[in-house]
Amino acid sequence: MENCIFCKIVAGEIPSPRWYEDDKMIVIRDIEPKAKLHYLCIPKQHFALLSEMDEARAEIVKHLFQTIPTLEKTLGLEGGYRVIINQGEDGGQTVPHLHIHLLGGEKLGEF
Ligand code: AMP
Ligand code: ZN
C-alpha cells in the first residue's frame with residue numbers, strides 16, 4: 001500500500017528495530033510511547049479497519065493474538081499489559097493500517 005507508514009516499516013523502507021518478526025507480523029516500539037513500554041504489533045499485510053475483516057484477515061488477527069502472549073518475557077511485559085486497537089476517527093486511529101498497541105512496563109492508570 002503506497003504512502004502507508006506501517007507498510008514502509010514492514011518493507012524496511014523506514015528503519016525501525018524489530019522486537020519480533022515472523023511471516024505474518026512485526027513488533028516495534030512506538031515512536032511516541034504512552035507508557036514505559038509501548039509496542040505496536042503490525043500485520044505485514046495491509047488492511048485498515050476491523051470492519052474490513054474476512055477469513056484470511058481473521059486468521060492474521062488470530063495469529064497476532066496467539067503470538068502476543070508468547071512474547072511477554074521478550075518484551076518485558078510479564079507484569080501485565082494493556083491491549084488497544086484504535087478504530088477510525090472517533091477511536092483515535094492515526095495510522096490506517098490495523099495494529100495492536102501493547103502498553104506496560106509499569107502500573108498503568110485507570111483506563
Ligand atoms: P493509532 O493512533 O492507533 O493509529 O497508532 C499509531 C501509532 O503509531 C501512534 O502511537 C504513533 O506514535 C505510532 N507511530 C507513528 N509513526 C511511527 C514510526 N515511524 N515508528 C513507530 N511508531 C510510529
Ligand atoms: Zn499499510
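Only a single criterion out of (1) more than 11 Å from the chain's Cα centre (by Cα); (2) crowded, with 16+ Cβ neighbours inside 10 Å is not satisfied by TYR39, namely (1). The condition (being among the aliphatic types (A, V, I, L, M), farther than 13 Å from HIS101 by Cα, in contact (Cβ under 8 Å) with a residue 60 or more places away in the chain and within 16 Å of ligand 2 (Cβ to nearest atom)) is satisfied by just one residue among ILE14, ILE5: ILE5.
Could you say whether any residue in segment 81-88 is out of contact with any helix residue (DSSP H, G or I) (no Cβ under 8 Å at 6 or more places or on another chain) and either assigned to a loop (DSSP other than H, G, I, E, B) or touching a residue at least 60 places away in the same chain (Cβ under 8 Å) (or both)? There is at least one residue in segment 81-88 that is out of contact with any helix residue (DSSP H, G or I) (no Cβ under 8 Å at 6 or more places or on another chain) and either assigned to a loop (DSSP other than H, G, I, E, B) or touching a residue at least 60 places away in the same chain (Cβ under 8 Å) (or both).
Any residue in segment 17-34 that is touching a Ser or Thr at 6+ places or on another chain (Cβ under 8 Å) and of a type in the set (Asp, Glu)? For segment 17-34, residues touching a Ser or Thr at 6+ places or on another chain (Cβ under 8 Å) and of a type in the set (Asp, Glu): present.
Does segment 26-48 contain any residue that is of a type outside the set (S, T, N, Q), away from ligand 1 (no atom under 11 Å from the Cβ) and in a helix (DSSP H, G or I)? Looking through segment 26-48, none of the residues is of a type outside the set (S, T, N, Q), away from ligand 1 (no atom under 11 Å from the Cβ) and in a helix (DSSP H, G or I).
Being surrounded by 15 or more Cβ atoms within 10 Å (Cβ to Cβ) and in contact (Cβ under 8 Å) with a residue 60 or more places away in the chain is true for just one of LEU75, LEU64, LEU103. Which residue is that? The conditions single out LEU103.
Just so you know, all these numbers are worked out from the coordinates, no wet-lab data involved. For clarity, every value in this text was computed on a predicted model and none was experimentally measured. Note that we place each Cβ from the backbone using ideal geometry, even for glycine, and neighbour counts take in every protein chain shown.
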